[in-house]
């Protein structure tokens, strides 16, 4: 750019004459001093600006920069520092120099002194900021001179000035060998915060301003984000003292208050700290201090908190849902898996479950001893025996109800207090399952529970209630491991309900089956459904037979009606009606029927054979019952009365014998047995109910004793009297009750047998598919396949495999690296 | 009179006064800071800025530019501002002094 000479004089306005650096700087320095003493109004910005402009144009920018820096350093180290140091009064000195400071001076003293110090520091900082803002602006032309700044790698004059504040103020000492001012600051702030935590009022803005200063300064002039003074000189100490404080506070709270208060306190403290970060210190610390408080008040104390006297156990015992919720919330903060709480809950559930199991065992075991003690009089003992049966059933019902109540209770706690947490839900399910499976008789008891409800419980209940009950039963089933055992019991109980017509509603029974089907699968209910089918078929059959008889024209008044159930022998657990495991095959088949009954029997056999050829009917007389009409001469206040008697087939046979006799003619036990061919034990049982039981004493026994012995004589009871028209003779062992030990063993043995088959079937199925498989793999696969039915014993599987090898279904692979088997087709 | 007035006075080295809208004048960071009441320099007290190294001719053009800029701020396809070619250098120097960097670009760039 070449300018015409004549135009050069036009530029004299901007043309800078020779500038004397020292004089110009002198003007500036004097002005700066004015600025620092807040006398800027006397100064012309333009003049200062112009002076700086001149210096820079003369390429003296660097010199100016250093001059300014020197000037600032001098100012800060003399004026400002003195002012601040003056505020460090004895209470603060005590605080900053030793740990005993808090004890030696009163809070009020320290607070005032601290606030004074903080205020002065804040004021100095703000003044410095404003002045430096003005200075930088005046020196804008120098600042603008980027070439200079970047070339020399110097921080901007503003940053430099900030650094000077750090070096000259914060990093200086209050007196030789004293404390660094920054350290004083940190300690004072911490002290103030401590006061705040103790519930005293402090000036939050003052602290915030100082913290803001620390956040605005850096360790070095490079201004690295991670090297903020706040992060280096304050935050670590803050976190450290907070940790110490809360550690102590937590321990004190654990000792002094109950768990509920602790939770509330902890929650309050956490909120308070995050509030404090917002109002008093820096938001950047929020997450860190939260973590510290959580560590100290929750993570490290959770175990102690849960195990307190007033801990989780107490809360659950006393339904302190709100407090439980607090515990949950606390734990959830620090551990998404809620390990401690889950552990505690699981333990409590298991303890409570154990108590339920134990109660059930005690109740079911107690009555026999009670009955044994009270042997005064036959009545009582009889009642005792009845009670024993009852007691067992009651124990079973109570057990199931207790378990359900337990689950219910924890479900509601879970919903209300635990925010329906997934992890805890899993743990709860597992522990309830543990409770159920830890109890040896759970399968039986659950089935009994259903049985009881089917027989009595669902009476007077609405459909919805019934459904709820069924749902509950299904729920316990869901937890049950040994479903096959349950099936056995259920079949047995269902069988009795159906045959003895004890069930309240067949519809509900079917509903139950369909629920099981949904829950446990098709194969589980196959046999149960078959039982229902047999029942329906039998009804048709009975109707058909009746029609058939009518057609034959044998319908006379005295004819005996027959109602029959034809049962498929494989699906029905007929042994439920037999005496425990005794072989009574001959006893049944050789029963002697009187003519009228025998006719009916053969009549139906013929009818059935016509309908279904090739099927064999076996009469289960031990399961039948009979309705009879009998007249007793003195029944109703000495006048004759006809009663409808319902008794077992055996009872009927016995009573029919007395039809042909005179009233005073006795029959001995032996005679009755020869005439009927009823098995002795059954006979005795039936005679007991006919001749001993007070309400159904149709016969008189001689001698009058409770026991039926050989040689006893029986008479027709002339004097029988009862107000009731319909009399039901108690059928011994008709009700579903808890099994005796012997029965139990029987069931177990049977169950083990059927499990054996199931295992073999599973093994063969797997091997057929895989051809060869290692031992370990085979075991695992078998376990998986069978898990829906029951949890097989590994030893049992091994035995079954052995047996399969013996029978040449499998063979061992000789030279395999791991034990393996091969399928032999 | 420390309050912010609507108009401020800019005075040239040769004594010419230009009364301009404050909002237009503070286009220059230097002027903006001079007049900032927070700092409380003499200029902000009197709402008057003296420029010892800018003459009336140049300052007039600078003021014209302030208005020109305020008027066309953000608009597209604005016709360039006219200025006498002989003032170019002085204008550039004044722009530099007042830190009106945009001045270079908007009007004086093609000297």
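The values are calculated or read from the model by the stated rules, or taken from the named source; none is laboratory data. Quantities reported herein were computed from a predicted structural model and do not represent experimental measurements. Neighbour counts are summed over all protein chains in view; Cβ atoms, including those assigned to glycine, are modelled from backbone coordinates with ideal geometry.
Output the residues belonging to the range A:246-305 that are farther than 26 Å from residue A:230 by Cβ, outside any helix (DSSP H, G or I) and in contact with a helix residue (DSSP H, G or I) (Cβ under 6 Å, 6 or more places away or on another chain).
A:301
Name the residue, out of B:23, B:17, that is touching a strand residue (DSSP E or B) at 6+ places or on another chain (Cβ under 8 Å) and more than 10 Å from chain A (Cβ to nearest Cβ).
B:17
Output the number of residues of the range A:560-594 satisfying the condition of being at pLDDT below 75 and surrounded by fewer than 14 Cβ atoms within 10 Å (Cβ to Cβ).
Residues meeting the conditions: 10.
Taking residue A:398, is it assigned to a helix (DSSP H, G or I), at pLDDT 80 or above and assigned by TED's automatic domain parsing to the domain that holds residue A:349?
Working: assigned to a helix (DSSP H, G or I): yes; at pLDDT 80 or above: yes; assigned by TED's automatic domain parsing to the domain that holds residue A:349: yes.
So residue A:398 fits the description; yes.
Quick one: which helices (runs of 4 or more DSSP H) lie wholly within the range A:730-825 and hold at least 3 residues that are modelled with pLDDT under 80?
So the answer is A:741-770.
Filter the range A:42-83 down to residues that are within 14 Å of another protein chain (Cβ to nearest Cβ) and free of Cβ contacts under 8 Å to residues at least 24 places away in the same chain and give me whichever is surrounded by the fewest Cβ atoms within 10 Å (Cβ to Cβ).
A:42
Please give the number of the condition residue A:38 fails out of (1) assigned to a helix (DSSP H, G or I); (2) within 14 Å of chain B (Cβ to nearest Cβ).
(1)
So which residues in the range B:30-56 are assigned to a helix (DSSP H, G or I) and either more than 7 Å from chain A (Cβ to nearest Cβ) or farther than 19 Å from residue A:53 by Cβ (or both), if there are any at all? Lay out the reasoning, then the answer.
Taking the range B:30-56 and keeping what is assigned to a helix (DSSP H, G or I), we get B:30-34, B:42-46, B:56.
Listed by number, the residues that qualify are B:31, B:32, B:44, B:45, B:46, B:56.
Tell me which of these residue B:64 doesn't satisfy, since it passes every other one: (1) modelled with pLDDT under 80; (2) more than 8 Å from chain A (Cβ to nearest Cβ); (3) within 14 Å of the chain's Cα centre (by Cα).
(1)
Can we say residue B:71 is under 17 Å from residue A:45 (Cβ atoms) and either in a loop (DSSP other than H, G, I, E, B) or more than 8 Å from chain A (Cβ to nearest Cβ) (or both)? Quick ask: steps written out before the conclusion?
On the way: under 17 Å from residue A:45 (Cβ atoms): no; either in a loop (DSSP other than H, G, I, E, B) or more than 8 Å from chain A (Cβ to nearest Cβ) (or both): yes.
Against the criterion (under 17 Å from residue A:45 (Cβ atoms) and either in a loop (DSSP other than H, G, I, E, B) or more than 8 Å from chain A (Cβ to nearest Cβ) (or both)), residue B:71 does not qualify.
Mind listing whichever residues of the range A:495-528 are farther than 21 Å from residue A:790 by Cα and crowded, with 17+ Cβ neighbours inside 10 Å?
Listed by number, the residues that qualify are A:495, A:496, A:497, A:498, A:499, A:503, A:504, A:508, A:509.
So the check is Cβ under 6 Å with 6+ separation or different chains; which pairs have a first residue in the range A:497-514 that's over 14 Å from residue A:469 (Cβ atoms) and a second one that's part of a loop (DSSP other than H, G, I, E, B) and at pLDDT 80 or above?
Cβ pairs passing all conditions: none.
Condition check ((1) out of contact with any strand residue (DSSP E or B) (no Cβ under 9 Å at 6 or more places or on another chain); (2) at pLDDT below 80; (3) assigned by TED's automatic domain parsing to the domain that holds residue A:38) across all residues:
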{"site": "A:149", "(1), (2), (3)": "yes, yes, yes"}
{"site": "A:196", "(1), (2), (3)": "yes, no, no"}
{"site": "A:208", "(1), (2), (3)": "yes, no, no"}
{"site": "A:219", "(1), (2), (3)": "no, yes, no"}
{"site": "A:223", "(1), (2), (3)": "yes, yes, no"}
